[in-house]
């Protein structure tokens, strides 16, 4: 007798149906994706052209416009970022980069690759990239992710010119130079290479692990100098007679400035804390003089706070003695944009900020960034530096933009401080989840309704407030990013 075929139970049928449904959806997705790619490729005839023709087309348009094609598709990006690879020794870096620059035709920038990957030593790589407006970026890295913690001092001489030495044509090409991840193994080679550049206007040094001291001597022309994230940097010597912009992020190191008179733009982002336990104001006299006439400034809030335990601080060790030595009339008369960085906005830290604002009569925009990871002084009091100088009210303050605030009450306390001390009511804008919120006053009736809904308001408040999303276009313009943000 024939055996009966067992029937599938209900669960087996459901599982089979679910599997079929998943396969059907996956197949539909593959078909739709293939169709979409076919339609895109059918319409985009240019991207399917051979490399030589594609590069020729890019060479027919201005360099700035050609660079924007980088964002069109992977095909354009690959063509644009085509690199030239070369192998050699550490001593050959100088000649390799010089030849690379010499072969580059600024009028036809895509005739040769704009990226050089030079392999040397034991798995070390120098990546040289030519960018817009005569910019050169030199970045060192390792195939083995090696780490070189050995500390070193670095001496750079820029824009020097020896009449007896015939410079190469490449010496006049570079105006903006970025140096990244230079170590004790490569700093001397880079110094030799940089000495061949005679028209540098902007220099950036970043992520140099082990860099202990840095000296930069510039004869002329350098306008912008930036030092970012060099964690071991303890001392910085600068001799530059035409410098207008100085930006530094890392630890507060010792400064020696020669020929520096008046900066227009200065970033002192020392949220990593001090490099030393003790300070002498004479070591910072030239720095304080250089920032007196700045228009754009970034400061770390701990500068103006007092340590509760030792009662010593940067303010008491440097700024207060400096003010008492003939600089009582200090004012930041030209300062229009200030970026203030601190860990919280408790009352003592707000007092420190207000103390600074008293000597900023032309301030128009104030940016406050709360960064809990930055260096913090255990402070409950503020040393009012403005008590030693002639006060001035910031009459032109239009907007205050807050980032990193997690407590609405802090923003309201700040607004009432500004109203109480300066009789000012600037726009208070907070950035939250990509949205801009504006702090406004509300009628008492609305305030009572808010309390009924379970949102009690502080008894310290003199008025009632709430945040709204309706931010006008002109306000958004006033609260665009501070120039130092995004570095």
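The values are calculated or read from the model by the stated rules, or taken from the named source; none is laboratory data. In this text, all values refer to a predicted model and were calculated from it rather than measured experimentally. Virtual Cβ from ideal backbone geometry, glycine too; neighbours counted across all protein chains shown.
Among the residues of the range 359-402, those identified as at pLDDT below 80, closer than 17 Å to residue 333 by Cα and buried (at least 19 other Cβ atoms within 10 Å of the Cβ) are 385, 386.
Please work out if residue 194 is more than 20 Å from residue 96 (Cβ to Cβ), buried (at least 18 other Cβ atoms within 10 Å of the Cβ), out of contact with any helix residue (DSSP H, G or I) (no Cβ under 7 Å at 6 or more places or on another chain) and touching a residue at least 12 places away in the same chain (Cβ under 8 Å). Here the answer is no, as residue 194 does not meet what is asked.
One line per residue, one yes/no per condition, for (1) touching a helix residue (DSSP H, G or I) at 6+ places or on another chain (Cβ under 7 Å); (2) at pLDDT below 85:
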residue: 409; (1), (2): no, no
residue: 415; (1), (2): no, no
residue: 428; (1), (2): yes, no
residue: 434; (1), (2): no, yes
residue: 447; (1), (2): no, yes
residue: 461; (1), (2): yes, yes
residue: 467; (1), (2): yes, no
residue: 473; (1), (2): no, yes
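Among residues belonging to the range 108-162 that are part of a loop (DSSP other than H, G, I, E, B) and within 23 Å of the chain's Cα centre (by Cα), point out the one that is modelled with the highest pLDDT. Spell out the reasoning first.
Let us first name the residues in the range 108-162 that are part of a loop (DSSP other than H, G, I, E, B), namely 108-114, 121-123, 132-134, 143-151, 159-162.
Now narrow it down to the ones that are within 23 Å of the chain's Cα centre (by Cα): 132-134.
Numbers: 132: 75, 133: 77, 134: 85.
Result: 134.
Residues considered: 226, 204. Of these, the only one that is outside any loop (DSSP other than H, G, I, E, B), surrounded by fewer than 22 Cβ atoms within 10 Å (Cβ to Cβ) and touching a residue at least 60 places away in the same chain (Cβ under 8 Å) is 226. Does at least one position in the range 249-267 carry a residue that is under 20 Å from residue 232 (Cβ atoms), at pLDDT 90 or above and out of contact with any strand residue (DSSP E or B) (no Cβ under 6 Å at 6 or more places or on another chain)? Looking through the range 249-267, at least one residue is under 20 Å from residue 232 (Cβ atoms), at pLDDT 90 or above and out of contact with any strand residue (DSSP E or B) (no Cβ under 6 Å at 6 or more places or on another chain).
Of all residues in the range 233-243, those that are within 24 Å of residue 220 (Cα to Cα) and buried (at least 18 other Cβ atoms within 10 Å of the Cβ) total 4. With the condition kept exactly as written, say whether any residue in the range 266-289 is free of Cβ contacts under 8 Å to residues at least 60 places away in the same chain, in contact with a helix residue (DSSP H, G or I) (Cβ under 9 Å, 6 or more places away or on another chain), under 18 Å from residue 203 (Cα atoms) and not in a helix (DSSP H, G or I). Looking through the range 266-289, at least one residue is free of Cβ contacts under 8 Å to residues at least 60 places away in the same chain, in contact with a helix residue (DSSP H, G or I) (Cβ under 9 Å, 6 or more places away or on another chain), under 18 Å from residue 203 (Cα atoms) and not in a helix (DSSP H, G or I). When the range 244-265 is examined, which residues are found to be assigned to a loop (DSSP other than H, G, I, E, B) and surrounded by fewer than 17 Cβ atoms within 10 Å (Cβ to Cβ)? Scanning the range 244-265 gives 259, 261, 262, 264.
Can you tell which of 214, 233 is outside any strand (DSSP E or B) and touching a strand residue (DSSP E or B) at 6+ places or on another chain (Cβ under 6 Å)?
On the way: 214 fails: outside any strand (DSSP E or B).
From the options 214, 233, the qualifying one is 233.
In this structure, residue 352 qualifies as modelled with pLDDT under 85, touching a strand residue (DSSP E or B) at 6+ places or on another chain (Cβ under 6 Å) and within 27 Å of residue 283 (Cα to Cα). Scanning the range 284-305 for residues that are farther than 15 Å from residue 248 by Cβ and surrounded by fewer than 21 Cβ atoms within 10 Å (Cβ to Cβ) yields 285, 289, 292, 293, 295. Scanning the range 82-107 for residues being in contact with a helix residue (DSSP H, G or I) (Cβ under 8 Å, 6 or more places away or on another chain), over 16 Å from residue 197 (Cβ atoms) and at pLDDT 90 or above gives a total of 4.
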